[in-house]
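The values are calculated or read from the model by the stated rules, or taken from the named source; none is laboratory data. Owing to the predicted nature of the structure, the values given are computational and were not obtained by experimental measurement. Please note: Cβ atoms are built from the backbone with ideal geometry, for glycine as well, and neighbour counts cover all protein chains shown. These accessible areas exclude ligands, DNA and RNA; they are computed on the full protein's heavy atoms, side chains included. Shrake-Rupley method; radii C 1.70, N 1.55, O 1.52, S 1.80 Å.
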Amino acid sequence: DEAGRRVQFGNRCHYCAHAPEFHAATRRIVAAMAQRFGDNPHVIGWQLDNEYNRVCYCDRCRRLFQHYLAEKFGSLDALNHHWATRYWSQTYSAWEQIPLPIGPHNPGLMLEFKHFVTESYRRFQRLQLDVLRPHLPDGVWVTHNFMNWFDGFDHYALAEDLDLASWDWYVGTGHNDYLSSGAAHDLVRGFKRRNFWLMETQPGNVNWSSANNSLNKGEARAMAWHAVAHGADAVLYWQWRSAPNGQEQYHGTVVDQSGQPRPFYEEVQQLGHEFAAASPLLTDSTSTTRAAIIHSYDSRWSIQWQPHHRDFDYVAHLIHYYRPLAARNVDVDILPPDVPLKGYRLV
């Protein structure tokens, strides 16, 4: 991590995305699963990995970052000019001098490190795709489950190589605010400019929040239909059955450790009946949005490093514009800054 401490075995994502040993192990397990299940007619899609989020600061990552910069800028003179390193006496005379940014640093260095992390995960994702896809029949899709407004990398870039985007929707403490949660659905729909999946949805309660209250009866059903209205083609709950022990033994589930239905089961059962009845009307439905909000990871990273006011928050500011539109049932696409905007009445 940033402090130089090695992540302990057993933690989530205790890996370096560049480790060749990890790459070899990844190829082996993806190949084994692809060979076993790739042509199974009951497998309609695949999820790669789970919630990319770890950033590694090992010596290998630093060397690869320096190589990335050398390829991008071509010369140290170009890099020094681009980053204005003469200011604060930061001029580099060798690629090996360039650090991984820890804490506040030159904004150019910090921004390129975000680009490097994005490219690192995209290559790791492609490694899995290259092994998996030759075993898949036509029509079988591949996705990854992203996390709401998480900004560890550029999600638009990673989504380019996937067939569809998906995300994990948890309220945690409190209750759903549809005027803001709709923006998260629209964000994920904008990753591919097409419908998405909810790969994980809160099944009543969680075990990791500051106050683990349960959603009101019927609230999860309303949330599910809210998601469908914003382009969700599927709503899945994490998780089906309670673990007998371990970190998530108290997390909400559909059935308990013995397999008996929890009270939440009835709500999911009702949704199943409703989705079955409505599916013929919703199949192949697409958005006809005429309003858009532009969302840029580069701008977001840059302004949050020097926000000019301690209370400024990029996402909160974006949602400030979103809420009055949502209150009037105006559909919104949340898009990257480089897409065509023809056809929108309001941007």
Once label points are set 7 Å from the Cα along Cα→Cβ at both residue 243 and residue 266, what is their separation, rounded to one decimal in nm? 3.0
Straight-line reach from residue 342: which lysines have a Cα under 19 Å away, not including same-chain ones fewer than 8 places off? 192
Please work out how much length the chain gains when fully extended from residue 284 to residue 94, using 0.36 nm per residue of separation minus the C-alpha to C-alpha distance, in nm with one decimal. 62.9 nm
Sorted list, accessible surface of protein heavy atoms, 1.4 Å probe, largest first, for 83, 197 is 197, 83
Please give the calculated 222 nm ellipticity per residue for the chain, where each DSSP H segment of at least 4 residues contributes -39500 (n - 2.57) and the sum is spread over every residue; nearest 500 deg cm²/dmol? -13000 deg cm²/dmol
Accessible-area composition of the range 167-250, carbon plus sulfur, in percent [1.4 Å probe]: 51
The range 190-308: C-alpha gyration tensor shape, a/c 1.5 cut-off, then a/b vs b/c: oblate
Can you check what the net charge comes to around residue 328, using other residues whose Cβ is under 14 Å from the Cβ of residue 328 (Lys, Arg +1; Asp, Glu -1)? +2
Length gained if residue 22 through residue 328 is fully extended, taking 0.36 nm per residue and subtracting the Cα-Cα distance, is 105.2 nm
Whats the longest run of the chain with zero GluC sites (Glu not before Pro) that are DSSP loop and have at most 12 other Cβ atoms within 10 Å? 161-347
Given R₀ = 45 Å, what would the calculated FRET efficiency be for residue 275 paired with residue 2, taking r from the Cβ atoms and rounding to 0.05? 0.50
Would you mind telling me the antiparallel percentage of the DSSP bridges in the chain, rounded to 5? 5
For the chain, what percent of Cα pairs sit more than 33 Å apart? 37
Local electrostatic count at residue 192 - Lys and Arg +1, Asp and Glu -1, tallied over other residues with Cβ under 9 Å: +1
Cα to Cα, under 19 Å, and not fewer than 8 places away if on the same chain: which lysines meet these conditions relative to residue 114? 72
Interchain or long-range residues, amide H under 5 Å from residue 234's placed H: 198
Please identify the trypsin sites (Lys or Arg not before Pro) of the range 1-108 that satisfy two criteria: DSSP loop assignment and at most 12 other Cβ atoms within 10 Å. Which are they? 5, 6, 12, 86
Among DSSP beta bridges whose residues both lie in the range 144-261, state the antiparallel percentage, nearest 5. 10
Given a Förster radius of 25 Å and the C-beta distance between residue 177 and residue 217 as r, what FRET efficiency does 1/(1 + (r/R0)^6) yield to the nearest 0.05? 0.85
Percent RCO, i.e. relative contact order, over the range 26-148, from Cα pairs under 8 Å lying at least 6 residues apart: 54
Accessible area of the range 298-347 with a 1.4 Å probe: how many percent of it is carbon plus sulfur? 51
For a test of the definition: using alpha carbon positions, the gyration tensor, and the 1.5 limit on a/c, classify the range 60-204 as rounded, prolate or oblate. oblate
Just to check I understand the Karplus step: with θ = phi - 60° and J = 6.51 cos²θ - 1.76 cosθ + 1.60, what whole-Hz values come out for the range 312-323, glycine and proline as x? 6, 9, 4, 5, 4, 5, 4, 5, 4, 7, 6, 4
Once the Cα atoms of the range 2-114 are picked out, what are the Rg and Dmax in Å? 19.1, 62
How many angstrom lie between the Cα centre of the range 165-211 and the Cα centre of the range 1-41? 26
Per-bin percent of Cα-Cα distances, the range 246-347 [10 Å]: 11, 23, 22, 27, 16, 1
Provide the per residue accessible area, probe 1.4 Å, for the chain, rounded to a whole number of square angstrom. 56
